[in-house]
Structures are given as C-alpha cells and as structure tokens.
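The structure under discussion appears below in the form of structure tokens.
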Amino acid sequence: MGLLTFKGGIHPDDGKRFSKDQAIRPVTPKGDMVYPLSQHIGAPANPVVKKGDHVLKGQMIAEAGGFVSAPVYSSVSGTVKGLEQRFNPTGSKTECIVIENDGEYQETEYEPVKPLNEMTREEILDRIGNAGIVGMGGAGFPTKVKLSPKEPDKIEYIIANCAECEPYITADYRRMLENTEELVSGMKVVLSLFPNAKGYFAVEDNKKDCAEKLKAAIADEPRMDVKLLMTKYPQGAERQLIYAVTKRAINSSMLPADAGCIVDNVETLIGIHTAVVEGKPLMERVVTVSGDAITSPGNFKVLLGTNHQELIEAAGGFSAEPEKLISGGPMMGFAMVTADAPVTKTSSSILAFKKDIVAKSPETACINCGRCVDVCPSRIIPSRLADYAQRHDEEAFVAMNGLECVECGSCSYVCPAKRPLKQAIGSMRKTALANKRKK
C-alpha cells in the first residue's frame, strides 16, 4: 500500500539536519517576562492583575475575553511591572503584561485532578479551556471551542498532526520521541470526548523512528493507529492532512468537523494532557532555534513570555550577523523585525539566516509556465489570482476560488519569475474574507 498523500505540493530542502538530533533542553529566563493578551484567534484576554501585584508561577494573569478566547498564565513568580505595548513575533505591537521575574519560581496550588474516567465531558472541556490551551501549530484557535462541535457523535476521526512538514522545525519531532506517553495521553483525553471516533497519529515517512515509537506506545489502544504519510510540503496543512488520512475533502466554507474530523497538533495534545491529567495550565512549549546563522541549533523547552533573544543566546548566539529572522517556518512563518519579542503559545521556532535570498531575487514577468498550478494543493491558479489581487479585483478573485488558497507558499517557491504570489493572494484573501463576514 502506498504512502498517504494529496495532489500537488513541493519538496524543499527540509533543513532538519541542523537540529533533529538535538534533545530538548530547558531554558531558564533571566530578563522580564512579556505576555501578549492576544496569543490566539478571537477576543484578546482581559488582565486580572495590576502594576505592583506579586504573582506566582501558574497564576492566571488574564482571563478569556469571550467564548472564542483563552486565558493567559504567568510562567514565573515575580512582580507585575504594568501593561505595555510590546512587539510580538509577527512584528506588530500589542498590549502585553510585563512581569519582573524574581527567579524563585514559586508555584501556585492547583485544583486537584480526578481520574479521566471519573470526569464528565463538561469537566474535561472546562479543564482544557481554563488552562488556556490553543492550537499550538501556528493557528492559535482555542482548543475548547474546537472540541465543542454541535454534533459530537458525528466526529469519526481525531487526527494528531505529526507531519511537521515545515522545513527546519524539529520541535514536534523531538516531542514525539521524548514525550510519547504524554502525546498518547492527550489523544486518549480527546477520544474520551468523542465515543464514535478513532485516533490517528499522522506521521511523515521521514520520521519513521517516531512512527515506530508511537506504534509501540499504542499497542494496547484499539481506538488508536499510526498513519504513515508521504514526506511532502504542505502535508501538515489541515485540509491536505484530512484528505490524505480520510480521503474527505473540505473547502473554505467548511470546518473539519463538517467532514467528521478534528485535527490537533502534537504540542496541543501534550498541552491537553498537562491540563487534564496533571491539572496545570499552559505555561511552556518546545521551540526550535535553527538556521545557518545559529551557532548551535537545537530544541528548547521554553517558558511562555521568554524573550527570543535569550533563546538565541541559549543556542550559542549568532555565528554570523543574520540578514533574516523568521518566527515559524520559512514557508508560512513571519519575518521578524527584531528578536526582542516574547515566545507565545504559537511560537514553534525562530530561524536565522545569513542571507535573505527572497529579498535578493528580483521579480520578473510571468512566463505562463504553469508550475504554480502543478504544485498548488488547493488546485487553483495562483498566477491568475495574484493578477486579480494586484488589480484589487475582489469579485474576479472570489469567482476564481481565491478563498480556497491555504497560503502555503508552494507557488512562490517554484515560480521562476520570483513573483510574490502567496503574499499577493494572501492579502486579497484576508480582505475578501473580512468583507464576506460583514455581509
């Protein structure tokens, strides 16, 4: 039987050799901790502390600002310095709670936990919501909301996104190897919410060691299985992952739940385990620090709120002054204007490169070669959609299925004319979606 996959996609140099064999190391922060109030899709969290307050590690410092929102917790003990505008990893300034770390890490007392089989569905969901768990693969959608579909009995597949198809990032890879039990436990928690579902760990075949370890860990779990995927980008994109595993297609007007599926990232599932089984809120995550401008690339367990500059120092600093810093992966991440930004719930990596290849590649005219069409996983025509976007022709853009773009960047990667196809399409797509919501 062949490997599971989808039509389209690309095979960039994965760059994982820099950090894949580096075990996860903890980073102890030294400076102030900065907590953006918006680390998720939806309404920002509302502060529940004020300047001068002393807080403990694990104490809530901002509560959810609505149904689609998530609370924020202090990952250290210390004194609140105030509410300030600070840069976040995407380069915009946002309201943040700043805490002076006292270095003592005094921890609050947590509510006692009950065995999973003694908890009701509502209790489990409340644990996940109150812990501040969101999609930690980059989307940041509040997990309690995702796990609360209108018809839970119709959910047939819980898919653990173990693909980690973005080049250079190896945080999930190390998690799968080093925290296998916690990952399986997180899946068990989610399956307890959906009695008719089966859990699949979807792993690319360049991570066969992870697949074998997961298979051994779930040998006695009849509702769980491992699915081996073809190594290809963007295999980990939600729509492509669902199609590869289940052969069910969804579009921009659908949710995964509409196809009987729920997809959660590796780090998210481990966060669910921590919240429900250990009774602790989300305070840390694993981040990859890599790229050819990093002295000692690696994977680090980081307290949320830690400055990215401290992460770079933990990786030995820069081997050369980088021309480009990226938060996230090189395909779908964000260029960083400064490393002076905090690690948030959705910070999967920071990459530093000696050369900014994209900026040094001048754009030329489209030659109608069709390569962007061949690789597009959404089966649309990127070159034409980019033309509509640049002409601000929203009506034609929507008519040509521009909303179906998943903004993976495969088209820009293969374009011989070096056109910024993804950027143009992504910008128009955001405008079109905003206007659609107004109607």
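Things to note:
- For the chain, modelled as a GNM whose springs connect Cα atoms under 10 angstrom apart, the maximal fluctuation among ILE41, ILE61, ILE159 occurs at ILE41.
- Were the residues from ASP126 through LYS93 laid out at 0.36 nm apart, the gain over their Cα-Cα distance would be 8.8 nm.
- Rounded Å value of the spacing that divides the Cα centres of region 319-388 and region 419-439: 17 Å
- Electrostatic dipole magnitude of the chain [Cβ: Lys, Arg +1; Asp, Glu -1; Cα centre; debye, to 20]: 1380 debye
- FRET efficiency for the pair GLU278 and LEU83, taken as 1/(1 + (r/R0)^6) with r the Cβ-Cβ distance and R0 = 45 Å, rounds to 0.90.
- Nonlocal amide H pairs with SER319, under 5 Å, H built at 1.01 Å: ILE294, THR295
- Computed from the C-beta positions of ARG248 and SER296 and an R0 of 51 Å, the FRET efficiency is 0.75 to the nearest 0.05.
- For the peptides 343-351, 324-332, the ranking by packing is 343-351, 324-332, with the highest mean count of neighbouring Cβ atoms within 10 Å listed first.
- For ARG25, the amide hydrogen comes within under 5 Å of the amide hydrogens of ASN299, PHE300, LYS301, counting only partners 5 or more places away or on other chains and with H modelled in the peptide plane.
- For the chain, cysteines whose Cβ has no other cysteine Cβ within reach (under 4.7 Å): CYS96, CYS162, CYS165, CYS210, CYS261, CYS366, CYS369, CYS376, CYS405, CYS408, CYS415
- GluC sites (Glu not before Pro) restricted to DSSP loop in region 27-106 with at most 15 other C-beta within 10 Å: GLU104
- Dipole magnitude of region 303-439, debye to nearest 20 (Cβ charges: Lys/Arg +1, Asp/Glu -1, about Cα centre): 500 debye
- Distance (nanometres) between label positions extended 7 Å along Cα→Cβ at CYS366 and ARG17: 3.6 nm
- Rounded to 5, the percent of DSSP beta bridges in the chain classed as antiparallel: 60 percent
- Cut-off under 5 Å, modelled amide H: who pairs with GLY199 long-range: ILE158, MET224, ASP225
- Backbone geometry of region 310-317 corresponds, through the Karplus equation with coefficients 6.51, -1.76 and 1.60 at θ = phi - 60°, to 3J(HN,Hα) couplings of 5, 5, 4, 5, 5, 8, x, x Hz, x marking Gly and Pro.
- Zone of GLU151's modelled label, taken as backbone nitrogen in region 223-254 under 18 Å from a point 7 Å along Cα→Cβ: 248-251, 253-254
- Where chymotrypsin sites (Phe, Trp or Tyr not before Pro) fall in DSSP loop in region 136-204, at most 14 other Cβ within 10 Å: none
- Calculated mean residue ellipticity, 222 nm, the chain: -7500 deg cm²/dmol, from DSSP H runs (n ≥ 4) at -39500 (n - 2.57) each, averaged per residue and rounded to 500.
- The protection proxy used here, the mean number of other Cβ atoms lying within 10 Å of each residue, ranks peptides 284-290, 405-411, 419-425 as follows, highest first: 284-290, 405-411, 419-425.
- Gained length - GLU104 relative to PHE67, 0.36 nm times residue gap less alpha-carbon distance: 9.9 nm
- In region 288-421, a dipole from Cβ-located charges (positive for Lys and Arg, negative for Asp and Glu) runs towards its positive end, and of LEU304, ILE367, GLY333 it is ILE367 whose Cα lies farthest in that direction.
- Burial order of peptide ranges 266-272, 137-143, 119-125, 106-112 (average beta-carbon count within 10 Å, highest first): 266-272, 137-143, 119-125, 106-112
- Total charge dipole magnitude, region 255-353, about the Cα centre, Cβ charges on Lys, Arg, Asp, Glu only, Debye to nearest 20: 160 debye
- Across region 365-381, rounded Karplus estimates of 3J(HN,Hα) from the backbone phi angles (6.51 cos²θ - 1.76 cosθ + 1.60, θ = phi - 60°) give 6, 4, 9, 6, 7, x, 5, 5, 6, 4, 8, 5, x, 8, 6, 10, 10 Hz, Gly and Pro being marked x.
- Whole-Hz Karplus values for region 166-181 come out as 5, x, 6, 6, 10, 4, 5, 4, 5, 4, 4, 6, 9, 10, 4, 4 Hz, taken residue by residue from phi with 6.51 cos²θ - 1.76 cosθ + 1.60 and θ = phi - 60°; glycine and proline positions read x.
- Potential lengthening of the chain between LYS436 and GLU118 amounts to 110.1 nm, from the contour at 0.36 nm per residue minus the alpha-carbon distance.
Taken together, the values in this text are just the output of simple stated rules run on the coordinates, not laboratory data. The structure displayed is predicted, hence computed values, not measured ones. Glycine gets a Cβ as well: all are built from the backbone with ideal geometry, and neighbour counts include every protein chain shown.
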